[in-house]
Amino acid sequence: MIKDLLYMKQFISAIPVLLAVVYAGQAQAVTFAEISDAGDNLNTAQVIPSGAFSLDSISGNLFKNDADLFQIFLTGDQTFSATTRNAQTEQIPIDDLLGIPTELVTDPQLFLFDSAGRGVYANDDSFGSLQPTLSSLGFSPNEAGIYYLAVSSSGYNPFSNGTKIFSEALSGEVIPNSSSFVVTNFMGASNTNGRYEIALSGAKAVPEPTSILGILSLGAWGIVKRLKNKINQK
């Protein structure tokens, strides 16, 4: 009995380490949903913590004259890409033709900024679609680290102290007009609003700390309960 109790005490002390290893081994993708309304500058951007879990998508809503800015961690080596093109958005031209209402943003645009808020590259329309794509080719960052991803409706653009950071292009990706321009706000007039979902590659995130604690607590309780049952049976 005493031996079993000592064993249980030693085992319980090792639970956090064991669960951390098991949890770390269960690599999974994370999706992030905008909380309330993300801001449109570095101080009000929503932060998505960096870590071992890949960040597969970001979803949210754009209102009239609105931009959402998210702080993310990129893995570098030109692995990053972002797009709002999916099965739902591909149906928008057909829906428009048939007069079917859609709750999706029909003409969004994407912007990537570095950790200091300097523009990296942007896209409004791509591949004959009104949906934007930041590809993993060409301008995708080589360096890993903190970046800011912004989404807005076409016509509502990032500025640096009154100067537009990116030139408008009918299609394709564009680079900033100057590498010294730091995003301070968005201005303009947007022509669409609604829901969006950005599919990502080359980005990382982790669950909220409360989620991790919940998993550890449940796992620890299950192990302790099994050990108590084992002792009581003897």
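Read-outs throughout are calculated quantities, based only on the coordinates presented, and are distinct from any laboratory measurement. Everything numeric here is computed off the predicted structure, so don't read it as measured data. Note that we place each Cβ from the backbone using ideal geometry, even for glycine, and neighbour counts take in every protein chain shown.
Along the Cα-to-C-beta direction of residue 65, a point sits 7 Å from the Cα; which residues of segment 172-194 have their amide N less than 11 Å from that point?
What the label zone holds, given the 11 Å backbone N cut-off, is 187-190.
Rounded, prolate or oblate: which one fits segment 42-101, using the alpha carbon gyration tensor with axes a ≥ b ≥ c (rounded when a/c is under 1.5, else prolate when a/b beats b/c, else oblate)?
Oblate shape, in that a/c is at least 1.5 and b/c is the bigger or equal ratio.
What does the charge count around residue 34 come to, taking other residues whose C-beta lies under 13 Å from its C-beta (Lys +1, Arg +1, Asp -1, Glu -1)?
Result for the local shell: -4.
If you bin the C-alpha pair distances of segment 29-207 every 10 Å from 0, what whole percents do you get?
P(r) over segment 29-207, rounded to whole percents: 10, 42, 38, 10, 1.
Based on Cβ point charges of +1 for Lys and Arg and -1 for Asp and Glu, what charge dipole magnitude is obtained for segment 29-207 about its Cα centre, in debye rounded to the nearest 20?
340
So for 120, 182, fewest C-beta neighbours within 10 Å to most, what's the order?
Ordered from fewest to most neighbouring Cβ atoms within 10 Å, 120, 182 come out as 182, 120.
Around residue 102, what is the net charge, scoring Lys/Arg as +1 and Asp/Glu as -1 over all other residues with Cβ under 15 Å from its Cβ?
-4
How much net charge surrounds residue 62 when only the other residues with a Cβ under 10 Å from the Cβ of residue 62 are counted, with Lys and Arg +1 and Asp and Glu -1?
Local net charge: -2.
With a cut-off of 18 Å, note down the residues of segment 59-93 whose backbone N falls inside the zone around a label point 7 Å from the Cα of residue 142 toward its beta carbon.
The answer is 74-81.
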